[in-house]
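Reading through the structure tokens given below for one structure.
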Amino acid sequence: MKFFWLSFISAVFILIFFLTACDGLIVDGECSDVEPTLHQTLGSVQKESGHFSKGDLYHYKHSYGFNFDLKVTKDTLFWQDIIDICHFGDEQIRSVKLESTYPIVSVNMTFHDDYLYIKYKDSQFFSYYDSIGFELHHYYIIDLLDSVTIGNVKYIDVYKFNAHGTGASIYYSEKNGILKIYENDSTYFEIIGEDNE
Amino acid sequence: MNNLYRSFLLVGIAACLFLTSCNNFFDEEFIGGKFKRYLDEFSEESDADGYYYIKKSFSTMDNLGIKDQFNEEIDISQPHYYDYRAKATLNDIYATLSMQSDFYGGRIGISCEENDYDGIEFINRWKDTLFNDGYSLSFEDSLKVNGKMYKDVIVFDGTEGKGDRCIFDKLYFAAKFGLLKIDLLDTISIIRQ
């Protein structure tokens, strides 16, 4: 009998802990203090970032000595259900894919309302948005550089995204897209841009 | 009751005889074709240093002059088993060859993508050319690649394959070496140096 009451009290505590674990107390299966229905539309920052357009071709020079192109093979907006115990609804997502026929290289970018996710080979990059653009206080994953010169072209306001664990980094411009990808300290490819000086 | 014990004993003896004869399943006679010999050749060499999990790498150059580096992982931790994975560093390329013999004979699996865990499976071991869904696998006694002669080469041909499971036209694997060559996009050959 003692064991029953102990189990019962423990179960009640676990249930209370579970119900209060998210943003607020769940009443009748709904969060009481958060907006129960979300319909997150992407802002113009995310929709226009990189100025990618399907079919666009970007020229790159590889540190191994050859040139190749990355083509925008996908730039789509779609809706996805939000999977969250305290939120219901859907979010708009932008998916961009750049691919090279050969060498076989691809970069996948997924813009969410509050973060950008980039996948390149085994490296993954996360950068978070606030209301005006990328949050910069996550200094270990993002850095904002005033300008970067590649070839003889100077690009201003360049973000440097750092991957966790692989040592890879991406130089990215909201205006010009992917400028440079470092796979490691010595292997990289960089954009061959038109002289804008 | 005596009859019951007798039957039980007979079944027991039959089971023992069956189980002790299982080794025959791995004999060349049972396996047939070239499968058994190739499995032995591929897995024996990898065991040269006495390790069951081996990591190596090799460099390649394609016919356009682009160099790449492949990292290999070999697993021979089980008997009658060979699992080989090669992953490029410049190209987003991944190729595997797995071979295993069992009571039913054996299987060979080829994967062209990292998340295709089972791969394209070939199980008809008695023939020297195996087919699955338009993909084929053949055993070549010797093959010359980049001026070098390699013995016991497994050639995977994906040119007639159905579906979208492999981007490669052909893959060449040699015993004692691993991946030798990749043909893709009709015109590209990535060759082991």
Say each of A:GLN124 and A:LYS71 gets a label point 7 Å from the Cα, pointing the same way as Cα to Cβ; how far apart are those two points in nm?
-> 2.9
Could the peptides A:58-66, A:74-82 be put in order, highest first, of the mean number of other beta-carbon atoms found within 10 Å of their residues?
-> A:58-66, A:74-82
Of A:LYS74/B:LYS162; B:LYS55/B:LYS127; A:LYS121/B:LYS127; B:LYS55/B:LYS170; A:LYS175/B:LYS87, which ones are farther than 29 Å apart at the Cα?
-> B:LYS55/B:LYS127; A:LYS121/B:LYS127; A:LYS175/B:LYS87
Using a Förster distance of 56 angstrom, determine the FRET efficiency expected from the C-beta separation of B:ASP128 and A:GLU48, and round it to 0.05.
-> 0.45
Quote to one decimal, in nm, the extra length available between A:ASN108 and A:THR149 on full extension: 0.36 nm per residue of separation minus the C-alpha distance between them.
-> 12.3 nm
P(r) tail for segment B:32-192, what percent of Cα pairs lie past 27 Å?
-> 17
Potential extension, B:GLU160-B:SER142 segment - 0.36 nm per residue separation minus Cα distance = 4.1 nm
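None of the figures in this text is laboratory data; all of them are computed from the coordinates on show. For clarity, every value in this text was computed on a predicted model and none was experimentally measured. No Cβ is skipped: glycine too gets one built from the backbone with ideal geometry, and neighbour counts run over all protein chains shown.
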